[in-house]
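Structure, as structure tokens:
The values are calculated or read from the model by the stated rules, or taken from the named source; none is laboratory data. What you see is a predicted model; the values in this text were computed from it and never measured. Every residue, glycine among them, receives a Cβ derived from its backbone with ideal geometry; neighbour counts consider all protein chains shown.
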Amino acid sequence: MVALAAIGAMWWVAFDQLERIPLLEWVNLAIHQGGHMATYSASDVQNAMAGPIAQVAVPLLIAMYFLFRRGDWIAAGVCLVWAAASAAEVSLFVADAPTQKLDLLGDDKNDWALILGPDGYGALDKSEWLAHKIRDYASVAAVLGALLCLAAPLRTQRRRPHPESMTSTRRATATSRY
């Protein structure tokens, strides 16, 4: 229930209100800046792309870890919604690229103004379209994350062995050792 409440809150802020999620935006910022630092020696466009990519990829990789290595569907679902909310946050900056009115850390230039601008891909006029596409795919990822959380109890019930079968398995294992 707590996971679904967290997912609902993230959905409401990121997708309904089109805002950055308080507190989580600072975690995303640290990951985003880490992406820039990891590619400091790359070209300006590659370096600008590394921040938003890291911001979405890190929570996605954490979700994959929980799902495939730990088998924790609830944690994976919450982290997938985190990745989706991060992508929704990225879409705000993509849409802002032409006007650059959003507040940034320090006197930084919007990464997407560089990526989509004349020194990048020359597609600044496509920023609104790209922002909508990112938000659409993020919405799908958020729904999948919520479905993972909802399916987790069903998976747990299915995997529990029946008490009678556990007793017979223990007896068979105990007799086969001798």
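Below, the figures for the structure above:
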item: Qualifying residue in segment 127-142 (condition: of a type in the set (Ser, Thr, Tyr), part of a helix (DSSP H, G or I) and without any contact (Cβ under 8 Å) to a residue 60 or more places away in the chain); result: yes
item: All positions within segment 43-92 that are more than 20 Å from Pro22 (Cα to Cα), assigned to a helix (DSSP H, G or I) and either among the hydroxyl-bearing types (Ser, Thr, Tyr) or in contact with an Asp or Glu (Cβ under 6 Å, 6 or more places away or on another chain) (or both); result: Ala48, Tyr65, Phe66
item: Residue among Ala142, Ala131, Ala146 that is modelled with pLDDT of 95 or more, surrounded by 15 or more Cβ atoms within 10 Å (Cβ to Cβ), under 24 Å from the mean Cα position of the chain (by Cα) and within 29 Å of Ala76 (Cβ to Cβ); result: Ala131
item: Checking Ser91 against (1) more than 15 Å from the chain's Cα centre (by Cα); (2) closer than 14 Å to Asp111 by Cα, the condition it does not meet; result: (1)
item: Residues located in segment 52-69, provided they are closer than 13 Å to Leu144 by Cβ and surrounded by fewer than 21 Cβ atoms within 10 Å (Cβ to Cβ); result: Leu60, Met64, Leu67
item: Residues (over 14 Å from Glu89 (Cβ atoms) and either of a type in the set (Ser, Thr, Tyr) or touching a Gly at 6+ places or on another chain (Cβ under 7 Å) (or both)) located in segment 34-58; result: His36, Thr39, Tyr40, Ser41, Ser43, Val45, Ala50
item: Residue check for Gly120: over 30 Å from Arg155 (Cβ atoms) and either touching a strand residue (DSSP E or B) at 6+ places or on another chain (Cβ under 7 Å) or outside any helix (DSSP H, G or I) (or both); result: yes
item: Failed criterion for Leu4 (all others in (1) modelled with pLDDT of 70 or more; (2) over 15 Å from the mean Cα position of the chain (by Cα) hold); result: (1)
item: Residue that is surrounded by the fewest Cβ atoms within 10 Å (Cβ to Cβ), among those in segment 70-100 that are of a type in the set (S, T, N, Q) and touching a residue at least 24 places away in the same chain (Cβ under 8 Å); result: Ser91
item: Options Ala57, Ala75; residue that is at pLDDT 95 or above, among the small types (Gly, Ala, Ser) and within 15 Å of Ala142 (Cα to Cα); result: Ala57
item: Filter result for Asp103 (of a type outside the set (A, V, I, L, M), part of a helix (DSSP H, G or I) and surrounded by fewer than 22 Cβ atoms within 10 Å (Cβ to Cβ)); result: no
item: Residue that is modelled with the lowest pLDDT [pool: residues in segment 7-30 that are more than 11 Å from Ala85 (Cβ to Cβ) and hydrophobic (A, V, I, L, M, F, W, C)]; result: Leu18
